[in-house]
C-alpha cells in the first residue's frame, strides 16, 4: 500500500525524494544541575496533597495510572464540574485529580517507565 500526500496546486509528478540516512539521537534528560529556577522563589508548603502520576505508553497511546483519557464530546468533563458534579465520582478514564483547598500547595510526581 502506498499513500502520497500532495498539496493543492502541486504537480502530479511522482515524488523523487529519498529517505534521510540521518538517524536522530535518542532522547535523554537534561543534567539535573541545569534544572534551576529562572528566578529564586521561596519554597512553599506544607504540601496539602500529592499526586503520583505513572505515565506509560501502549502503542502510541499515553496512559496515566493505567487509564487512557477518553473524552466525552457530548458532555465534557469541565462542563460536568461547572454543573456541580463531584469530581471524585468521575470515571477513572477522565484522569481527574482533585485539589479543592484554596491557595493550597500540591505536589505532582511524574513517573515514566
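The values are calculated or read from the model by the stated rules, or taken from the named source; none is laboratory data. All values derive from a computational prediction rather than experimental measurement. Cβ placement follows ideal geometry from the backbone for every residue including glycine, while neighbour counts extend to all protein chains displayed.
Conditions first: (1) surrounded by 10 or more Cβ atoms within 10 Å (Cβ to Cβ); (2) over 29 Å from residue 100 (Cα atoms); (3) at pLDDT 85 or above. Residue 55 passes all but one, so which condition is the exception?
Condition not satisfied by residue 55: (2).
Just give me the residues in the stretch 92-113 being touching a residue at least 12 places away in the same chain (Cβ under 8 Å), surrounded by 11 or more Cβ atoms within 10 Å (Cβ to Cβ) and part of a loop (DSSP other than H, G, I, E, B), in sequence order.
Scanning the stretch 92-113 gives 95, 96, 97, 99, 104.
In this structure, does residue 30 turn out to be surrounded by 10 or more Cβ atoms within 10 Å (Cβ to Cβ) and assigned to a loop (DSSP other than H, G, I, E, B)?
Values: surrounded by 10 or more Cβ atoms within 10 Å (Cβ to Cβ): no; assigned to a loop (DSSP other than H, G, I, E, B): yes.
Considered against the rule, which asks whether it is surrounded by 10 or more Cβ atoms within 10 Å (Cβ to Cβ) and assigned to a loop (DSSP other than H, G, I, E, B), residue 30 comes out as no.
Condition check ((1) closer than 25 Å to residue 105 by Cα; (2) free of Cβ contacts under 8 Å to residues at least 40 places away in the same chain; (3) more than 24 Å from the chain's Cα centre (by Cα)) across all residues:
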position	(1), (2), (3)
17	no, yes, yes
20	no, yes, yes
24	no, yes, no
32	yes, yes, no
44	yes, no, yes
53	yes, no, no
57	no, yes, no
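Looking at 7, 38, 48, which is the one that is over 20 Å from the mean Cα position of the chain (by Cα) and in a strand (DSSP E or B)?
On the way: 7 fails: in a strand (DSSP E or B); 38 fails: in a strand (DSSP E or B).
So the residue among 7, 38, 48 that is over 20 Å from the mean Cα position of the chain (by Cα) and in a strand (DSSP E or B) is 48.
Identify, please: which residue in the stretch 60-86 is without any contact (Cβ under 8 Å) to a residue 12 or more places away in the chain and outside any loop (DSSP other than H, G, I, E, B) and is, among those, farthest from the chain's Cα centre (by Cα)?
82
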